[in-house]
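Please read the structure below before turning to the comments.
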Amino acid sequence: AGRWLCGGGMDVFFPKGPWLAVWCVFIPTYNNAGTIRRVVEEVCRQTCHVIVVDDGSTDGTADCLKDLDILLLRHARNRGKGRALQTGLRHARFLGFDEAITLDADGQHFADDIPLLLQAADRCPGCMVVGSRNLATEGMPARNTFANRFSNFWFRLQTGIRLPDTQTGYRLYPLRRMGNLWWLTARYEAELEILVWAAWKGIPLVPVPVRVWYPPEGERVSHFRPGWDFARISLLNTVLCGLAVVYG
């Protein structure tokens, strides 16, 4: 089915068959052994071109996927969601894909919504499609709602663009038009940062409503650290506001 290659702190598992397509799906994951296989299997019903970046999981996440026909990349240690995004997007470009759809590995997104993002990209070629969750949905954690509104405010200040959901991990990236974006951050705040850089590069940002599901409180797997991550996001916003004056 493939082979493992080790080097540069990363393991790579190559799937069978040719990879000739315009778009792929890329899933960053860290310690999601309980949900990752179901998420990947649902995505595989939409496309056979699936890339998973295991960001140094220690719970056997990668072992859940070894028999699936996907491209599996593994960081030797946890480097943060921003670095996992960077790895996945770069490999998607290297493989020749024009677009990459990202979604989270915790099961909150519905793979059946992938066609909605593709349809939006067809209507606006070269755009970045941003899957927008309903912030008032039942079961959404209060801290997620606050973090999103906080992020939305700063994004609009930095770019002049109003988006309903700047924290979503469900997106379609136009790889060729993005080129080599700058990466200042390595963790959750990278998802806001990449939106800001895309806006400054003149890439249209198109929001599309998507469904979201949150498991009960005791079953949720979250690696978000409210104090530390909010501090990192605040520092990033300070830097971006300064750059918005001189660059953006």
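Quick notes on this one:
- Overall form of the stretch 44-197 per C-alpha gyration tensor (a/c, 1.5; a/b vs b/c): rounded
- Phi angles of the stretch 57-66 translate, via the Karplus equation with coefficients 6.51, -1.76, 1.60 and θ = phi - 60°, into HN-Hα couplings of 4, 10, 10, x, 3, 5, 5, 5, 10, 4 Hz per residue; Gly and Pro are given as x.
- Dimensions of the stretch 87-136 from C-alpha coordinates, computed as largest minus smallest value along each principal axis and given longest first, are 38, 28, 17 Å.
- Temperature 20 °C, viscosity 1.002 mPa s: under these conditions the Stokes-Einstein estimate for the stretch 38-81, based on its Kirkwood radius over C-alpha pairs, is 193 µm² per second.
- Spherically averaged projected area in nm², based on the convex hull that wraps the Cα atoms of the stretch 42-129: 6.2
- Estimated vicinal HN-Hα couplings, Hz - the stretch 154-170 in sequence order (Karplus 6.51, -1.76, 1.60; Gly, Pro = x): 5, 4, 5, 5, 7, 10, x, 10, 9, 10, x, 8, 9, 9, 5, x, 9
- Remark: the stretch 126-131, residue by residue, has Karplus-estimated 3J(HN,Hα) of x, 8, 9, 8, 10, x Hz, where x stands for each Gly or Pro and the curve is 6.51 cos²θ - 1.76 cosθ + 1.60 at θ = phi - 60°.
Here, each number is a calculation from the coordinates, and none is a lab measurement. The structure presented is a predicted model; accordingly, all values stated were derived computationally and were not measured.
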